[in-house]
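**Q** Sharing a structure below in structure tokens format, with a few things to ask.
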Amino acid sequence: MILIIDDDSAVRSSLSFMLKRAGYEAQAVPGPREAMEVVRSVAPDLILMDMNFTLSTTGEEGLTLLKQVKIFRPETPVILMTAWGSIQLAVQGMQAGAFDFITKPWNNAALLQRIGTALELAGSFKETTQEQNETFDRRHIIGRSQGLMEVLNTIARIAKTNASVLITGESGTGKELIAEAIHINSQRARQPFVKVNLGGISQSLFESEMFGHKKGAFTDASSDRIGRFEMANKGTIFLDEIGDLDPSCQVKLLRVLQDQTFEVLGDSRPRKTDIRVVSATNADLRKMVSERTFREDLFYRINLITVKLPALRERREDIPLLARHFADRQAEANGLPRTEFSADAMQFLSRLPYPGNIRELKNLVERTILVNGKPILDAADFDAQYIRHEDQKVAEGASLAGMTLDEIERQTILQALERHKGNLSQVATALGISRAALYRRLEKFGISV
């Protein structure tokens, strides 16, 4: 049963009708007192709750009711309803334990999808790990450490739902592979999986890239362009490096995720989109929210489920498996004979700090194989190709006194460029960032290569 709590009789009637047509049992009540009578006697499968029950728009009654409901029914998902102008109320509700929020007037299809997601998630965590593991496709994800298995168990539970997922972790930990695993294990697996590096899209091109444009929409629009949201329709869109998104673009993204509609540049007709959103970042979004550089309402919209990937140094038992995998892939790709590793080589690889994580290990293994061409590699072979991060820190730390953070970052990049003779892949690996992030910093500091 779905419980509707709203003091507007028209809203109660409209929602009841919509839910019953969709096959749900619904019960509607006008206020907090009646709602608590129902909640005390039965356990609703889901609650749709308005935030305001008087002429006041502070939302205090709604927040109080939400807290009371969560005391009696902590496992029942609650979806809040509020006006777009008072969306901050919904954010406070999410902090108090609500599952999701919608804005009035709502889109019926989008609301039904969120209700379905909430009910699926509430049920999915009751499944057994054995059932998940029998059907879960983990292609290209190598390892069996406890930290990795906890991540895989989580995404196995939520993959078949439409829940938005935020993947966090240091650069090079494999966030894109996890996003792909969510997609190929979802009900959208046969539909598009569209990857977007938001860190590589400038503010001026954001709308054209994401929403598309019509011919003549602006000076350089010589033909129609299909946007990423349209490409991803019915499938999954992967928003990588979402922490780098400009504040003005965050507003535009939030509106699409909220209403599941967008407008192509040069065409005022709204278009609907049915997408599952998976985002990734190596930034601390909670800290960015507190510093007001990332919108709190967007943060709650994208992280219905948060998955944190462990750093490679936190899953050292997976290093031999990963090294073997990268070596075999390199041999297959280049038509080379299989390379073996001596015991001391594996010990050497397993001891390294890996600030660049899996990406750094992959580069080290592939570079050492190509440079040596030996059938068996030992520790000395890898040692000769290894970029020593601690030595860099000691050498560079002596000249940092009195410099601003920007000056330190610029100087570090210049030194890395000189040390690696302008090889951007090696520079990015040495700095522990992606190539796209390196490109942005080069542009920021006016460094030409």
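The values are calculated or read from the model by the stated rules, or taken from the named source; none is laboratory data. Quantities reported herein were computed from a predicted structural model and do not represent experimental measurements. As a convention, Cβ positions derive from the backbone with ideal geometry for all residues, glycine included, and neighbour counts pool all protein chains shown. We work out accessible area using only protein heavy atoms, side chains counted, and drop any ligands, DNA or RNA first. Shrake-Rupley method; radii C 1.70, N 1.55, O 1.52, S 1.80 Å.
**Q** Contact order normalised by length for the stretch 144-309, with contacts defined as Cα pairs under 8 Å and 6 or more residues apart; what percent is it?
**A** Normalised by residue count, the contact order of the stretch 144-309 is 33 percent.
**Q** Among Ile369, Ala379, Leu312, pick out the residue whose Cα is farthest towards the positive end of the charge dipole of the stretch 293-381, where Lys and Arg carry +1 and Asp and Glu carry -1 on C-beta, about the Cα centre.
**A** Sorting the options by dipole projection puts first Leu312.
**Q** OK, next. Skipping prolines and chain starts, which residues have an amide H placed within reach, meaning under 5 Å, of the one on Lys195, given they are 5 or more residues away or on another chain?
**A** When sequence neighbours closer than 5 places are left aside, the close amide H contacts are Phe238.
**Q** With a 1.4 Å probe and all protein chains left in place, how much accessible area per residue does the chain have, in Å²?
**A** It amounts to 48 Å² per residue over the chain.
**Q** Additional query: Would you please report the Å³ per residue occupied by the convex hull of the alpha carbon atoms in the stretch 410-449?
**A** 54
**Q** As a test of the definition: which semi-axes, in Å, follow for the stretch 1-123 when you take the square root of five times each eigenvalue of its alpha carbon gyration tensor? Largest first, please.
**A** 18, 17, 15
**Q** Taking loop as defined by DSSP and a crowding limit of 11 other beta carbons within 10 Å, which trypsin sites (Lys or Arg not before Pro) in the stretch 291-354 fit?
**A** Loop-located and lightly packed - Arg292, Arg338.
**Q** Run lengths n ≥ 4 of DSSP H only: what is the helix-derived mean residue ellipticity at 222 nm for the chain, with -39500 (n - 2.57) per run over all residues, to the nearest 500?
**A** It comes out at -14500 deg cm²/dmol, rounded to the nearest 500.
**Q** Please report, in debye to the nearest 20, how large the charge dipole of the chain is about its Cα centre when each Lys and Arg carries +1 at its beta carbon and each Asp and Glu carries -1 there.
**A** Roughly 640 debye, rounded to the nearest 20.
**Q** In Å and from the alpha-carbon atoms only, list the Rg and Dmax of the stretch 144-309.
**A** Rg, Dmax (Cα atoms, Å): 16.1, 54.
**Q** For Rg and Dmax of the Cα atoms in Å, one of (i) 25.3, 78; (ii) 27.0, 84; (iii) 20.6, 65 was computed from the structure I shared and the rest are decoys. Which label?
**A** (i)
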